[in-house]
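Below: the structure, in structure tokens.
Bear in mind that the values in this text are calculations on the coordinates, not laboratory data. Remember, predicted model here, so these are calculated numbers, not experimental data. Counting neighbours? That spans all protein chains shown, and the Cβs are built from the backbone with ideal geometry, glycine included.
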Amino acid sequence: MSGALRQGGQGEYRLDGRIAVVTGGSSGIGAATVRRLAAAGASVVVGYNGGADRAAALVAELPGRHLALRIPMEDSAAIRDAAAKVEAEYGRCDVLVNSAGVTRAVPHADLEGLDDASFDRILITNVRGPFSTIRAFAPLMKRGGDAVVVNVSSLSASTGLGSSIAYCASKAALDTMGMSLARVLGPEVRIISVSPAAVATDFVPGRGREGVERQAATTPLKTVAEADDVALAIMAAATHLRLTTGTAILVDGGRHL
């Protein structure tokens, strides 16, 4: 490992001059991560699908040189085009955060309620999309010799509890895929999942803050997880967990206990 991100003395890792790409970067956990990366000195590509206006507004508020770029998880050709644009603009990618995702709230007992179209959309967006993104950006990440992919996963991957069976399955697949990719992309690229429980965003349709607070009250830490809490864990994965790859980091307030 080159240690290219190690700057400013032992134990301190800065992102000055580094290039970060965040899919799903226009809102929620993705937007919180974009803000943290930019504050740490990275140039950030804010990936979006339908949130062009949000992404442009976010880029406008950030210090430094950043870019809003459409990176739709369901379109592998568009993802490759996005990687080509990042190469033309920056020439490299040091941090890739796969934050884009989708779900649909369907009670687990309602098997008929989880139709094929919903199941396919969730798996394509949450599993094939991140794979396509990693595949497209891997050549740019290997150039620096010290890059990291952070996949935003979920506690649902290990508990099988979540907004729908398809969502749980997709996050379990994402974590297992991360193990496989960690083997083949090392030593130049680390792969880490950051796995929150319920987060106070509008990600799950119909689940308001009260629902998140109720879940938080059942955990040992009894603290509501905000998007920035997850962003801080993503930053730790990028800057300090230097010997961590192919594994998941829980950010769940102890809900798994």
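For an R0 of 45 angstrom, estimate the FRET efficiency from the Cβ-Cβ distance between ARG242 and LEU111 and round to the nearest 0.05.
0.55
Give me, ordered by chain and number, the residues 5 or more places off ASN151 or on other chains with an amide H under 5 Å from its own placed amide H.
ASN98, ILE192, SER193, VAL194
Between VAL230, ASN49, SER27, whose Cα lies farthest towards the positive end of the dipole of the chain when Lys and Arg beta carbons carry +1 and Asp and Glu beta carbons carry -1, centred on the Cα centre?
The one lying farthest along the dipole's positive direction is VAL230.
What list of ³J(HN,Hα) couplings, whole Hz, do you get for region 137-151 from phi and the Karplus terms 6.51, -1.76, 1.60, once you set θ to phi - 60° and write x for glycine and proline?
8, 3, x, 6, 6, 5, 4, x, x, 7, 10, 9, 10, 10, 9
List the residues whose amide H sits under 5 Å from the amide H of ARG18, counting only those 5 or more places along or on another chain, with H placed 1.01 Å from N in the peptide plane.
Those lying under 5 Å, H to H, from ARG18 are SER43.
Using the number of other C-beta atoms within 10 angstrom as an exposure proxy, rank SER156, SER170 with the fewest first.
On the way: SER156 23, SER170 28.
Listed from fewest to most nearby Cβ atoms, that is SER156, SER170.
Ranking request for peptides 158-168, 45-55: highest mean number of other beta-carbon atoms within 10 Å first, then the rest in descending order.
Going by the mean number of other Cβ atoms within 10 Å, highest first, we get 45-55, 158-168.
Compute the length gained on full extension between ALA217 and ARG135: take 0.36 nm times their separation in residues and subtract their Cα-Cα distance, giving the result in nm to one decimal.
Length gained, ALA217 through ARG135: 25.6 nm.
Excluding residues fewer than 8 places away in the same chain, name every one of the aspartates and glutamates whose C-alpha is closer than 20 Å to that of LYS85.
Answer for LYS85, where 20 Å is the Cα cut-off: ASP53, GLU74, ASP75, ASP94, listed by chain and number.
Here are labelled values, [x] 72, 44, 32; [y] 61, 42, 39; [z] 49, 40, 38, and one is the computed Cα extents along the principal axes in Å for what I pasted. Which one?
Computed from these coordinates, Cα extents along the principal axes in Å corresponds to label [z].
With +1 on the Cβ of every Lys and Arg and -1 on the Cβ of every Asp and Glu, and nothing else charged, how large is the dipole of region 7-130 about its Cα centre, in debye rounded to the nearest 20?
520 debye
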